[in-house]
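For reference, the structure is listed below as structure tokens.
The values are calculated or read from the model by the stated rules, or taken from the named source; none is laboratory data. Not measured: the values here are computed from a predicted model. Neighbour counts run over all protein chains shown; Cβ positions are idealised from the backbone, glycine included.
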Amino acid sequence: MKRRITISLLAVILASQCLAQSGGDIAIAGPYRDITFSMFAEQLSSRHNISVYYRDEWVKDIVVNLPGDTILLSQALHTILDPHGIRYFDRGNGQIYLTGETDIEKNRLAQIPPPEQEPEREPAADSRISDDLSYEKGVKRYTVGRRGEREVSGTAIIRGYVRSVTSGEPVIGATIVESGTSNGIITNSDGYYALNVRSGRDITLDISCLGMEKETCLVTVNSSGTLNIEMTEKLIDIQEVVVRTGRHDNVRGIQMGFQQLAIKEIKTIPVVMGERDLLKVANMMPGVQTVGEGSAGFNVRGSSSDQNLFLLNEIPVYNTGHLFGFFSAFNPDMISDFNLYKSNFPVEYGGRLASVFEFSTRKGNKKRFGARGAISPVTGSLLFEVPLVKDKASVIAGVRTTYSDWILNRLDDRELRESNASFNDLMTGIHIMPDSRSSLQIFGYMSNDRFNLAGNSNFRYSNQGASILYDRQLPEGWKIDVAAVHSRYTNFQDNLTYATQAYEHEYSLAHNEIKARLTGYKFADHTVVAGGNFVLHNLNQGRYIPTSPWSFVTERDFGKEKGAEYAIFVSDEYRINDRMTLYTGLRYSFFDYLGPKEVYSYTPAMPLEAVNIIDTTYYGNGKRIVNYNGPEYRLSLNRELAPDLSVKVSFNRMRQYLFMLSNTVAISPTDRWKMVDSHIRPPVADQVSLGIYKNINSRALETSAEVYYKNTRHVVEYKDGAELTTNPLIETTILQGRQNSYGAEFLIRRNAGRLTGWISYTWSRSLITVDSEYLWEQINRGRTYASNYDKPHAINLVGSFRISRRVSLASNLVYNSGRPITYPTGLFYINGVEGVSYSYRNEFRIPDYFRVDASLNIEGNLVKRKLAHGSWMFAIYNATGRRNAYSIYFKNEGGQIKGYKQSIYGVPIFTVSYNIKLGNYAVE
Amino acid sequence: MRLNRVAILLLTFTWLFSCVEPYTPETTGYDEMLMIEGIIFDDPTMMPKVTISRSIPLSREGGYIHETGAAVSVECDDGTSFPFFEINPGLYVPSGAPVIPEQGKKYRLLVVTGDQKVYASAYEPYIPPTPIDSVTFRAEYTKVSEFGEWEHGLKFYANASSSDDKPVYLRWLLDATYNYSVPFPCNFIWNGDSVVNYRGPDYRFCWKSLEIPGIFIADSYGMEGNRVADAELNFVSQYGDQLTIRYSLNVVQLSIPKSAYEFWYDLKKMIDETGGLYETQPFRIRGNIECISDPDTEAGGVFEVAGVSHARVFADKPTEFDVITFNCSLVPIGQDGISWEFLPANIFVSEIDVDKYATTLQQKCYDCRLRGGTTIRPPFWE
């Protein structure tokens, strides 16, 4: 059906429509070949419910030719109309108006009354006139600052919060762009933003975010002031298939080596056992690897897994895995999103060399009660959110527990049948916004794991944490964030197999921290951050205690450690011009290793061994044993070559004062953390990176290529066969060396259309050298060797294809080089048995890893008013059934050495899971 | 390490999906390494010996290479030297009076190979023997192979303690003797023509001795009373003849220096448990012997100065589980069985009725010697 209207009707619409060409994010299915414009319009109507209004004479000569199966509507219209000089505008709601040769935007701007004529409500200090002159839904008119007030500099700062209109939760990562310029900003984890604009004029702000209706505000800027913005969550009323991911603008943002994921983005990705897991998805990002599937810990850009800082609402989490790492210790329903920094670390983060994994939890619905739950073969979870004071305060709690014993009870293996394993976690938080300028969040976290093997060995570990986060906008364009953080990690093991050897050992780590950060937006083109933090670490390395009256184990105390880690920092993000941003920062960190402690001295030029102890010094409580300190530089530059193309370069130095005692390939729950001390120096890493970023089709396709080089000094390595569990003299087991990591990461990410996802390729190396003039301080006789996690090639493909609004297919493809391994290279015969002679450390590799997964996701009906919404996921993990090597080992059986390969998931694994939540499909 | 087992198996239901399969990695080339194992005892009844071999590729191509023609001696720090000579290829024993270590003295092994490379151990002290408190055993049900097979059997344990306050490092050499029988008496023999009465010696009861390979070690570090408690020795399976009547384990306990102990400890770790993601990574093993003429030459091995103590323990047929031995069933001979003409001559047969005979083609059911033992009762047998 053809729709026509007269130009006079068009004029009426013009008067009430203020937003021009704002759409364009609708993807349409192609191709179209050699058809008339009217046929094209009809097809848009029938296929996509998009109505196009035009005059026949404008389009009678147009022949439409559009190759490609998915095209953005805006791009299609430009391609078709631009050669003929025809303009159009997108009214939203699937209505497109052709305007002949009239430029609708200019027309619209001409109609906006000058600021002086506006009605003005007398505001409190920083005023916001809200909704007093709304032209239409989606376009709002505001005045910021007092009339008559003008900034001397000519620059004003607009700042405030972006929040969801339905839940009141902050909208993180929303992009606020001054229309027609490249001036823009992204909201932080509190939904806060501050934007420099020219004062004394009208501007248009476009606010967009994943899953939110795009907002446009007409703002009259008199002087600096507050503008809080509410965004509406997107109910997919029209047949729109655009999913916009990657809220971080990778071209414009200063960040590099940065990944961002929202939990809703991973909803359809196939996972094993039905557990949606951000960390497992993060593992498919370039530069992030693990030593084996199902193992805890990540290796980011060729660094060991204890060099990652996991922050959950500012709480450092020291063990991030449940069941040894098969699942992450973060309930996916509670997490709203997470950021991963691999380089170019903001100055407020320190203490780890390789990365920061920053998790934000949902803050709770402040408008109405919400609940959701999920059931998978392994776990069940439940989440509640309750508004305490409407729009002001909310409480949220999520709990997750496992019921895996039923699986263990079905096993053939008797020892396993008599075993049990369980875990649970709980997160709860209160979020209060007493006024429009401040917010307070109190958050608590707990996770527990326990295993019992055949009734005679127990392993337990748990994380506990709490944080109080407060932020407040101060006058004069400053904002302050303060936080008090507590985190505690404990692990426990006992072994009761033989009564005469029965023992138990408990370890604990406590982290108490205060931090403050002041952010200043008041300087034109500068965003200044300054602050500091102080952490008191208390580690109890625990005691070996006999646990049965018949046990002959003697009690052994591994001692306690106390340390103070503190830093001050300052940074400046300077927008030199529209096309260039420079970030400079300095963090100066200190570490005091404190008594009470007995410190041993060893004979100089002799191996650090118990027999070489020559002296013992006792330090009293709180007495400083050793101090380390040093600057940590942060420097990065972003040069935008074009609005969709930029080049970035960065340099940063990081220092680490705590490390994990682990000489196994994977992190194990009995691993302990240890402080640097008078014998062990803090590792220091310098990283330079260079990246190029290109967006295609207005961010529908994001591409990036980054190269990096990282040099780490004093990296902690372990002597051959070091015994960490029974030896209290840790310094006798450790050697420190040099690590060189370098690589190139390529990423193509498609954010729009029916098919979304990414493909990444990483080439990287991670090499360690431990050399010394003394033979006993060498590893591998001083030769360079590959680290345990050096995997030169990694390819990840994550794709999701939306068949209809309720049905989607998703698939992963993972390939990487096998991890290095020390293989036997020879056999010898000794004492009647075969022995093996091994190669130099990590001289060989296990076979390459390859896996394909697929899933089918079916959402419940899309009825808007419904009590609860359910969704099914049918997933197949390792669809090809490839027996990927998890480990390769050699055993002496009947006097002969035999080699074995173990695979964790040696067959395709099919899982069905069901998720349910209160409300309709779109409820977050 | 138990943790690894927890991680890999228990943990996770992945047992349902995981699998273990034999695997031989492709390793290009191998490093030839001289492997020296030398030991001297304070017990004059035990023969000091040094075995020297070279490591071979994983494929075992060509078999083991004995290092022949080496000049071997043990030196004491008082300047005396005890030469050895090659009695078998790669096996060297004292050519004169055997060296008996004495308290307060240290000894080292010196080897000069045919290519004029000199290998030496560190000077190792003599540590007097630690008495054996007891050797115990109990019925256990144990996983015996990587493929998840479980067997009942007897597990042996050693207990020892030292009145000294220094930790003791122990290694055990084990050999076993067991008494077993065959089910059928040797009454009749088929001589190829007819069945005649057998009048020779009885072959129903035998004793068999065997050495038990393996690395059995333990130390008293961190244990109250400087003791070694429940140190694991060997496991004797319910399958076979070993537990059918009576089993005797002879335990030779060696008190050895720490450096020698560490070699065995590393080696045991390497062949018993290495490879898991939660285990210590494997590494190139060294021991207490080095090539002193060329530090770049790879060498491994151990020289032990051992203080010896002995113990013997007897175990009767266990009642906790069934002992499953060779299946003997008689097959009739004649019309309703095997035809006489197919039977080889001089085999034992049993009379199952008047003029009716039966036999087992496996003569192991009549003659216990055919299972490797001897009918001579050992002098120590109780």
| task | Mind listing whichever residues of segment A:461-476 are free of Cβ contacts under 8 Å to residues at least 60 places away in the same chain and assigned to a strand (DSSP E or B)? | result | A:S462, A:Q464, A:I468, A:Y470, A:R472, A:L474
| query | Within segment A:622-655, can you find the residues that are assigned to a loop (DSSP other than H, G, I, E, B) and in contact with a strand residue (DSSP E or B) (Cβ under 8 Å, 6 or more places away or on another chain)? | reply | A:G622, A:K623, A:D644
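Given the criteria within 12 Å of another protein chain (Cβ to nearest Cβ) and among the hydroxyl-bearing types (S, T, Y), does B:S95 qualify?
no
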| request: Within segment B:60-113, track down each residue that is over 24 Å from B:T45 (Cα atoms), within 23 Å of the chain's Cα centre (by Cα) and among the small types (G, A, S). | output: B:G63
| In the set A:G350, A:G370, which member is more than 21 Å from the chain's Cα centre (by Cα) and touching a residue at least 24 places away in the same chain (Cβ under 8 Å)? | A:G370
| request: Tell me which residues, restricted to segment A:543-581, are within 14 Å of chain B (Cβ to nearest Cβ) and part of a loop (DSSP other than H, G, I, E, B). | output: A:T547, A:S548, A:P549, A:W550, A:S551, A:F552, A:T554, A:E555, A:F558
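Being assigned by TED's automatic domain parsing to the domain that holds A:S766, at pLDDT below 90 and in a strand (DSSP E or B) narrows it down to one residue among A:A794, A:A810; which is it? Can you show your working first?
Numbers: A:A794 fails: at pLDDT below 90.
After ruling out the rest, the residue left standing is A:A810.
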| message | Checking the structure you have, find out if any residue of segment A:792-799 is closer than 23 Å to A:A282 by Cβ, in contact with a Lys or Arg (Cβ under 8 Å, 6 or more places away or on another chain) and more than 14 Å from chain B (Cβ to nearest Cβ). | response | yes
| query | So which pairs qualify, if the first residue must be in segment B:353-380 and free of Cβ contacts under 8 Å to residues at least 24 places away in the same chain and part of a loop (DSSP other than H, G, I, E, B), the second must be among the hydroxyl-bearing types (S, T, Y) and surrounded by fewer than 16 Cβ atoms within 10 Å (Cβ to Cβ), the Cβ gap must be under 7 Å, and the two must be at least 6 apart or on different chains? | reply | none
| query | In segment A:477-527, how many are within 14 Å of chain B (Cβ to nearest Cβ), out of contact with any Gly (no Cβ under 9 Å at 6 or more places or on another chain) and not in a strand (DSSP E or B)? | reply | 6
| query | Inside segment B:179-233, can you point out the residues that are within 12 Å of another protein chain (Cβ to nearest Cβ) and either in contact with a Pro (Cβ under 9 Å, 6 or more places away or on another chain) or of a type in the set (S, T, N, Q) (or both)? | reply | B:D219, B:S220, B:Y221, B:G222, B:M223, B:E224, B:N226
| Scanning segment A:656-673 for residues that are among the hydroxyl-bearing types (S, T, Y) and either touching an Asp or Glu at 6+ places or on another chain (Cβ under 6 Å) or part of a strand (DSSP E or B) (or both), which turns out nearest to A:K710 (Cα to Cα)? | A:Y657
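Criterion first (hydroxyl-bearing (S, T, Y), under 30 Å from B:V354 (Cβ atoms), surrounded by 15 or more Cβ atoms within 10 Å (Cβ to Cβ) and out of contact with any helix residue (DSSP H, G or I) (no Cβ under 8 Å at 6 or more places or on another chain)) does B:Y178 satisfy it? So that I can check it myself, show each step before the final result.
Working: hydroxyl-bearing (S, T, Y): yes; under 30 Å from B:V354 (Cβ atoms): no; surrounded by 15 or more Cβ atoms within 10 Å (Cβ to Cβ): yes; out of contact with any helix residue (DSSP H, G or I) (no Cβ under 8 Å at 6 or more places or on another chain): yes.
Spelling it out, it is not the case that B:Y178 is hydroxyl-bearing (S, T, Y), under 30 Å from B:V354 (Cβ atoms), surrounded by 15 or more Cβ atoms within 10 Å (Cβ to Cβ) and out of contact with any helix residue (DSSP H, G or I) (no Cβ under 8 Å at 6 or more places or on another chain).
Taking A:R575 as the residue in question, decide whether it is assigned by TED's automatic domain parsing to the domain that holds A:R517, surrounded by 17 or more Cβ atoms within 10 Å (Cβ to Cβ) and charged (D, E, K, R).
Working: assigned by TED's automatic domain parsing to the domain that holds A:R517: yes; surrounded by 17 or more Cβ atoms within 10 Å (Cβ to Cβ): yes; charged (D, E, K, R): yes.
Yes.
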| said: Filter segment A:764-788 down to the residues that are assigned to a loop (DSSP other than H, G, I, E, B) and either touching a residue at least 24 places away in the same chain (Cβ under 8 Å) or of a type in the set (S, T, N, Q) (or both) and list them by number. | reply: A:V770, A:D771, A:S772, A:Y774, A:Q778, A:I779, A:R783, A:T784, A:S787, A:N788
| request: Hey, could you check segment B:37-71 for residues that are within 8 Å of chain A (Cβ to nearest Cβ) and among the basic types (K, R) and say which is farthest from B:K105 (Cα to Cα)? | output: B:R60
| query | Is there a residue being part of a loop (DSSP other than H, G, I, E, B), without any contact (Cβ under 8 Å) to a residue 24 or more places away in the chain and closer than 19 Å to B:R60 by Cβ anywhere in segment A:896-914? | reply | no
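Does A:L411 qualify as being out of contact with any strand residue (DSSP E or B) (no Cβ under 7 Å at 6 or more places or on another chain), buried (at least 22 other Cβ atoms within 10 Å of the Cβ) and either at pLDDT 95 or above or within 14 Å of chain B (Cβ to nearest Cβ) (or both)? Show your work before the answer.
Values: out of contact with any strand residue (DSSP E or B) (no Cβ under 7 Å at 6 or more places or on another chain): yes; buried (at least 22 other Cβ atoms within 10 Å of the Cβ): no; either at pLDDT 95 or above or within 14 Å of chain B (Cβ to nearest Cβ) (or both): yes.
It is false that A:L411 is out of contact with any strand residue (DSSP E or B) (no Cβ under 7 Å at 6 or more places or on another chain), buried (at least 22 other Cβ atoms within 10 Å of the Cβ) and either at pLDDT 95 or above or within 14 Å of chain B (Cβ to nearest Cβ) (or both).
Yes or no, residue by residue, for (1) assigned by TED's automatic domain parsing to the domain that holds A:D90; (2) hydroxyl-bearing (S, T, Y); (3) in a strand (DSSP E or B); (4) surrounded by fewer than 23 Cβ atoms within 10 Å (Cβ to Cβ):
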site	(1), (2), (3), (4)
A:I158	no, no, yes, no
A:V162	no, no, yes, no
A:T166	no, yes, no, yes
A:V177	no, no, yes, yes
A:D190	no, no, no, yes
A:Y193	no, yes, yes, no
A:V197	no, no, yes, yes
A:D202	no, no, yes, yes
A:L210	no, no, no, yes
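Which of the following residues is part of a helix (DSSP H, G or I) and crowded, with 22+ Cβ neighbours inside 10 Å: A:F324, A:F345, A:F359? Can you show your working first?
Working: A:F345 fails: part of a helix (DSSP H, G or I); A:F359 fails: part of a helix (DSSP H, G or I).
Result: A:F324 is the single residue among A:F324, A:F345, A:F359 that is part of a helix (DSSP H, G or I) and crowded, with 22+ Cβ neighbours inside 10 Å.
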| Looking at segment A:582-606, which of its residues are surrounded by fewer than 21 Cβ atoms within 10 Å (Cβ to Cβ) and part of a strand (DSSP E or B)? | A:L582, A:T584, A:L586, A:Y588, A:F590, A:D592, A:K597, A:E598, A:V599, A:Y600, A:S601, A:Y602
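Return the residues of segment A:679-709 that are assigned to a strand (DSSP E or B) and closer than 30 Å to A:Y593 by Cβ; say none if nothing qualifies.
Looking only at segment A:679-709, we keep the residues that are assigned to a strand (DSSP E or B), and these are A:684-696, A:701-709.
The answer is A:V684, A:A685, A:D686, A:Q687.
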| request: Could you check, for segment A:672-693, whether at least one of its residues is under 22 Å from the mean Cα position of the chain (by Cα) and among the aromatic types (F, W, Y)? | output: yes
| Failed condition for A:R352, given (1) in contact with a helix residue (DSSP H, G or I) (Cβ under 7 Å, 6 or more places away or on another chain); (2) farther than 23 Å from A:S422 by Cβ; (3) not in a loop (DSSP other than H, G, I, E, B), with all others met? | (3)
